[in-house]
2 protein chains.
Amino acid sequence: MRCEVIAIGTELLLGIIVDSNSAWIGEQLALSGIDSFFQVKVGDNFGRIEASICQALERSDAVICCGGLGPTQDDITRDVIAQVMGVGMQRDTAIADKIRRIFEARGRVMSQNNLRQADVPIGARPIPQMPGTAPGLVCPVGAKVIYAVPGVPSEMREMMLGTILPDLRQRAGQSAVIRSRVLRTWGMSESGLAEVLAERMVELDRLGNPTIAYQASGIDGIKVRLVAKCKDAATAAQVLNAEEALIRRLLGDVIFGIDEQSMEVAVLTALKAKGMTLAVAEQVTGGLLAARLTAVDPELATFRGARIASLAGEEGTAGLTARAAAAADAARSEFGSSVGAAAIAGPARQAGGPVTAPVVLAARIGDRRQHEEIILPADRGRLRDFAVISLLNMLRKALAA
Amino acid sequence: MRCEVIAIGTELLLGIIVDSNSAWIGEQLALSGIDSFFQVKVGDNFGRIEASICQALERSDAVICCGGLGPTQDDITRDVIAQVMGVGMQRDTAIADKIRRIFEARGRVMSQNNLRQADVPIGARPIPQMPGTAPGLVCPVGAKVIYAVPGVPSEMREMMLGTILPDLRQRAGQSAVIRSRVLRTWGMSESGLAEVLAERMVELDRLGNPTIAYQASGIDGIKVRLVAKCKDAATAAQVLNAEEALIRRLLGDVIFGIDEQSMEVAVLTALKAKGMTLAVAEQVTGGLLAARLTAVDPELATFRGARIASLAGEEGTAGLTARAAAAADAARSEFGSSVGAAAIAGPARQAGGPVTAPVVLAARIGDRRQHEEIILPADRGRLRDFAVISLLNMLRKALAA
């Protein structure tokens with residue numbers, strides 16, 4: 001089963017918008033065991049959209065058209081699909097009513113143009129998921145199929161997960177259920193992970209299920225993705241649970257979370273479980289640490305506060321360590337939290353290789369003091385990012401100890 | 001002149017990497033007056049890359065292949081291009097030496113595989129810009145041309161700006177120089193801008209040069225992009241200067257910067273010019289304001305510091321305003337700065353329409369106090385982002401007054 005993706009919109013070609021939809025769709029297709037060999041971006045031009053769809057239908061079994069379903073004159077995906085299908089358009093009264101109600105609920109006036117979104121090529125069926133005013137479409141063309149989804153990512157995703165992926169799997173005759181789980185790691189290189197897991201990888205190659213892949217993700221660490229293909233969801237969950245348990249035994253505490261659990265979620269969850277609270281002093285991280293923590297805990301229930309200041313003073317390992325420890329203590333008493341933490345960078349230096357800066361991470365957890373010196377790349381962006389994630393990781397491990 | 005872009009790499013199709021290179025290339029092509037009607041992603045597969053390049057050469061004058069120039073076995077862009085050109089490969093000794101020297105300088109051992117990167121299709125010429133180990137290529141095919149650039153964004157950009165765009169413009173017979181300038185605005189809707197500039201737009205339609213386009217960019221505001229096409233760079237600069245001056249007279253202080261100047265750059269520049277310093281108290285913005293300011297001023301020379309805390313207290317406009325003003329004052333005295341600022345959000349509420357939250361922005365500039373209440377969408381991400389940009393904008397305008 002092959003499926004191509006066509007992203008439609010002149011603004012994509014002009015670079016005004018980066019097409020991240022195709023990447024997400026590609027990932028979902030891969031997880032469903034469906035091949036995607038080509039992904040195309042094309043502008044709002046009838047002839048070129050038509051040529052792209054026809055070519056995709058020639059070399060693949062299915063096409064997902066993303067974008068061009070809006071109410072304005074340059075939204076022509078519906079019309080091109082009708083042309084490719086060789087059919088006319090019909091207004092779907094149920095959709096038209098739904099669009100009217102959306103406008104009413106928002107207290108806005110609907111122009112007649114908006115009803116163009118209710119026009120459906122004859123023989124196509126609307127996708128039941130419809131979070132916005134643009135309906136998605138399933139359009140059979142002989143034994144093949146064209147899907148149309150809006151370019152708004154959240155709307156596209158809902159339709160993909162709710163209708164298109166199940167439909168594709170059914171067409172592929174796949175009764176199998178595919179489930180994935182991401183184990184998120186920090187503190188070990190990709191080759192290090194591969195070494196520890198080498199023996200298990202050989203076994204899995206023989207077993208064929210589940211599969212394991214690595215994905216380096218910058219300051220989000222290295223993701224270890226497990227994919228299980230089973231006869232039903234319950235079996236897939238069992239397979240993933242067993243594999244996760246096995247890999248956790250091998251990798252230990254380099255795994256900080258699964259799926260969408262970020263490092264800050266891990267730290268805040270551990271703190272909450274212990275009935276503890278956190279405050280931080282930021283120098284090198286400049287507010288980024290607080291921004292990440294408040295994104296998860298906006299009410300400042302567990303993360304109590306931060307102070308961003310220059311924290312100047314003595315340099316060298318001893319000087320940095322003393323300042324970082326004092327800053328962590330001060331944050332703890334200023335905000336009345338059980339844990340205080342700080343990261344302080346020393347001046348950048350170069351000895352032959354790339355420019356680096358020493359960073360001391362310090363934490364005060366109850367009566368316990370802890371610190372760690374790391375060497376980071378000195379360019380400002382990476383220095384900040386890596387200091388944030390390293391301090392969170394130190395806290396995570398200290399809280400687990 | 002038409003140019004297509006082919007992004008090469010299975011990891012792009014699988015969604016492991018989002019292809020942002022094509023968008024950047026598309027923008028650069030548009031600025032150079034070169035049409036780009038199709039952009040394609042294809043995996044590391046000989047036949048499919050070949051088919052994509054041949055199709056692109058049929059319907060366009062030039063193709064830019066991005067990616068697949070690395071040293072490993074799945075990097076086959078060079079080989080496919082040689083096949084399309086109908087030529088063999090030749091090792092370029094100058095490039096081979098350069099690659100050897102790069103490895104030596106990094107103190108790393110070079111494997112023989114790395115020298116594959118020095119293989120050049122006969123008749124192609126290497127692109128002189130070569131910041132990494134992957135050389136770019138200019139490969140003539142009859143009157144048309146295939147360019148190959150690495151997928152590493154910084155290397156790709158250097159080659160595009162240094163060689164490919166000038167080459168394309170020359171092939172297009174464009175002796176004209178194209179320059180653009182972005183006027184960045186905040187505080188007026190796109191339709192509002194269009195209304196104020198309507199008369200000038202009609203004039204420019206008649207004159208044909210420069211052109212103006214709007215680009216809504218979320219919390220980066222709405223960008224007004226001027227593009228001038230002139231006989232030389234000096235004339236283009238004159239045209240842009242004159243147009244910018246004219247538009248500044250029409251739009252006034254909604255313009256906060258040009259090109260890459262962000263709102264925080266505008267505020268920090270204004271403070272520095274007046275010999276003033278800034279400190280902030282963050283509640284709703286949760287560290288994001290400090291993170292943006294420290295990204296520009298990492299040494300905390302002008303931005304002196306921030307305190308992130310819950311700042312709970314009385315609600316309602318009066319309560320919020322009193323708390324915000326007190327927090328701004330406190331930040332100013334805590335960090336000894338000349339300016340203090342704060343943003344405090346009240347509880348979310350819904351009255352028929354979408355859920356919103358009231359936010360009070362407050363500033364203390366010397367002896368002067370200022371505040372403003374705004375209503376923002378209550379979802380956490382937008383609430384934070386809009387509060388940050390709105391507070392910075394209030395400071396910018398207050399400092400200009």
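The values are calculated or read from the model by the stated rules, or taken from the named source; none is laboratory data. Bear in mind that the values here come from a model prediction, so they are computed numbers and not experimental data. Every residue, glycine among them, receives a Cβ derived from its backbone with ideal geometry; neighbour counts consider all protein chains shown.
Per-structure values
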quantity	calculated
Of all residues making up the range B:14-23, the number that are over 20 Å from A:Gly15 (Cβ atoms) and in a helix (DSSP H, G or I)	0
Residues located in the range B:104-144, provided they are within 14 Å of chain A (Cβ to nearest Cβ) and part of a helix (DSSP H, G or I)	B:Glu104, B:Ala105
Filter result for B:Gln215 (more than 30 Å from B:Leu320 (Cβ to Cβ), over 20 Å from the mean Cα position of the chain (by Cα) and not assigned by TED's automatic domain parsing to the domain that holds B:Leu31)	no
In the range A:335-354, the residues that are of a type in the set (A, V, I, L, M, F, W, C), buried (at least 20 other Cβ atoms within 10 Å of the Cβ) and closer than 19 Å to A:Val388 by Cα	A:Val339, A:Ala341, A:Ala342, A:Ala343, A:Ile344, A:Ala345
Residues satisfying the stated conditions in the range B:153-180, i.e. aliphatic (A, V, I, L, M) and not in a helix (DSSP H, G or I)	B:Ala172, B:Ala176, B:Val177, B:Ile178
In the range A:368-384, the residues that are assigned to a helix (DSSP H, G or I) and buried (at least 18 other Cβ atoms within 10 Å of the Cβ)	A:Leu383, A:Arg384
Count - residues of the range A:127-139 that are under 24 Å from A:Arg59 (Cα atoms) and either hydroxyl-bearing (Ser, Thr, Tyr) or without any contact (Cβ under 8 Å) to a residue 40 or more places away in the chain (or both)	1
Number of the condition not met by B:Arg101 [criteria: (1) modelled with pLDDT under 95; (2) in contact with a Cys (Cβ under 9 Å, 6 or more places away or on another chain); (3) away from every other protein chain (no Cβ under 14 Å)]	(2)
3 or more residues within 14 Å of chain B (Cβ to nearest Cβ) and among the β-branched types (Val, Ile, Thr): qualifying strands (runs of 3 or more DSSP E) within the range A:212-325	A:222-230
Failed criterion for A:Glu50 (all others in (1) touching a strand residue (DSSP E or B) at 6+ places or on another chain (Cβ under 9 Å); (2) among the charged types (D, E, K, R); (3) modelled with pLDDT of 95 or more hold)	(1)
Whichever residue in the range A:202-227 is among the β-branched types (Val, Ile, Thr) and without any contact (Cβ under 8 Å) to a residue 40 or more places away in the chain and, among such residues, is surrounded by the fewest Cβ atoms within 10 Å (Cβ to Cβ)	A:Val202
Single unsatisfied condition, B:Gly123 versus (1) buried (at least 17 other Cβ atoms within 10 Å of the Cβ); (2) in contact with a strand residue (DSSP E or B) (Cβ under 8 Å, 6 or more places away or on another chain)	(1)
Residue within the range A:148-160 that is closer than 22 Å to A:Val87 by Cα and of a type in the set (A, V, I, L, M, F, W, C) present	yes
Pick from the range B:1-28, criterion more than 7 Å from chain A (Cβ to nearest Cβ) and surrounded by fewer than 21 Cβ atoms within 10 Å (Cβ to Cβ), ranking: farthest from B:Gln55 (Cα to Cα)	B:Ile17
Search result, residues across the range A:29-42 that are more than 7 Å from chain B (Cβ to nearest Cβ) and touching a helix residue (DSSP H, G or I) at 6+ places or on another chain (Cβ under 6 Å)	A:Ser32, A:Ile34
Hits in the range A:181-211 (condition: more than 30 Å from A:Arg396 (Cα to Cα) and assigned to a loop (DSSP other than H, G, I, E, B))	A:Gly208, A:Asn209
Residue among A:Arg292, A:Arg332, A:Arg323, A:Arg304 that is closer than 18 Å to A:Ile219 by Cα, surrounded by 20 or more Cβ atoms within 10 Å (Cβ to Cβ) and either of a type in the set (Ser, Thr, Tyr) or assigned by TED's automatic domain parsing to the domain that holds A:His371 (or both)	A:Arg292
Residue in the range B:64-71 that is surrounded by fewer than 20 Cβ atoms within 10 Å (Cβ to Cβ), in the same structural domain as B:Gly162 (by TED's automatic domain parsing) and more than 19 Å from A:Phe37 (Cβ to Cβ) present	yes
Count of residues meeting criterion [touching a residue at least 40 places away in the same chain (Cβ under 8 Å), away from chain B (no Cβ under 12 Å) and not aliphatic (A, V, I, L, M)] in the range A:43-72	8
Residue in the range A:241-258 that is under 18 Å from A:Ala387 (Cα atoms) and out of contact with any Gly (no Cβ under 6 Å at 6 or more places or on another chain) present	yes
Residue check, B:Arg78 assigned by TED's automatic domain parsing to the domain that holds B:Ser22, without any contact (Cβ under 8 Å) to a residue 12 or more places away in the chain, assigned to a helix (DSSP H, G or I) and crowded, with 17+ Cβ neighbours inside 10 Å	no
